[in-house]
Amino acid sequence: MGQCLNCDRPVSDAYCAHCGQKVTVGRINAAYVLQEFFQVLTNIRALFFSTSLRLLTSPGAVAQEFVEGKRRKHQAPISYFLIWTTIYILLMSVVDLVSGPGHVIDYGQYFGPGRSTAYAISHLGVVLTALVPFQTLYLWLLISRARFTFFETMAAVIYVIGTIILLQTAFVLGLWLIHVAGGGPVDIAFSDAFKVAYMAWFGWDISRRFALRLRPLRVVAFVILAIGTFSLWRLYGVPALFQEIPLGQD
């Protein structure tokens, strides 16, 4: 019988029954680092991309399954959101580096005048996170409160925002290809159509999992409130917020 190096409990198998760590862990060397690195990539690829695909095709099912306990089947909402946000910001950096700022996407004053738009794009995770409580409240009051708690509904909303960033990433890639083929910059506001369409699809798909009266009206109300709040936030809230933050000199 051995002893677990992690929790000091006695063990009689290859793994500790108390904490799950392997009895023999070995030294940390180059092989260990490479193994951990590729294991992380494999796990992200398996869960992250399957979750992304299903959130495009069956968003309501993913939210319901995750809330009801099928947690290992899907990428967790917060990590899903953070990964797509990181991919999007990195993509924008590469696009600006290769093609030049503003040559592929014209952000204009999408998040307000001055440098507030540039600051909002580079801090997109913070900007979008501020919307989560409002979108959660709308979805919970109109659709999900019969079976989901407020915070379970929040998990679904975080999935939605992460998937909207996925669509935004695809939008930027498409514009980059158009630019390479000789096209000019495109106004970022055109991507709002994808946001509206996906919010409507998500609202309808998740509402089908609840016994609701006036389902179409509830979905329309959810989309109007969600998109309306986003529009007010980007046009007025974000500029007001960044007026209090020194953004440096142009």
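We did not get these values from a lab; they are worked out from the coordinates using the rules stated. Owing to the predicted nature of the structure, the values given are computational and were not obtained by experimental measurement. Quick reminder, even Gly has a Cβ in these numbers, built from the backbone with ideal geometry, and neighbours come from all protein chains shown.
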In this structure, does Val220 turn out to be in contact (Cβ under 8 Å) with a residue 24 or more places away in the chain, on the phi < 0 side of the Ramachandran plot, outside any loop (DSSP other than H, G, I, E, B) and aliphatic (A, V, I, L, M)?
no
Kindly evaluate Ala155 against the criterion of being surrounded by 15 or more Cβ atoms within 10 Å (Cβ to Cβ), over 16 Å from Met199 (Cβ atoms) and over 17 Å from the mean Cα position of the chain (by Cα).
no
Among (1) within 28 Å of Ala63 (Cα to Cα); (2) in a loop (DSSP other than H, G, I, E, B); (3) touching a Ser or Thr at 6+ places or on another chain (Cβ under 9 Å), the one test that Gln109 misses:
(1)
Could you grab me the full set of residues in the range 185-205 that are in a helix (DSSP H, G or I) and among the aliphatic types (A, V, I, L, M)?
Ile188, Ala189, Ala193, Val196, Ala197, Met199, Ala200
Against the definition (surrounded by fewer than 16 Cβ atoms within 10 Å (Cβ to Cβ) and under 14 Å from the mean Cα position of the chain (by Cα)), how does Ala211 come out, yes or no?
no
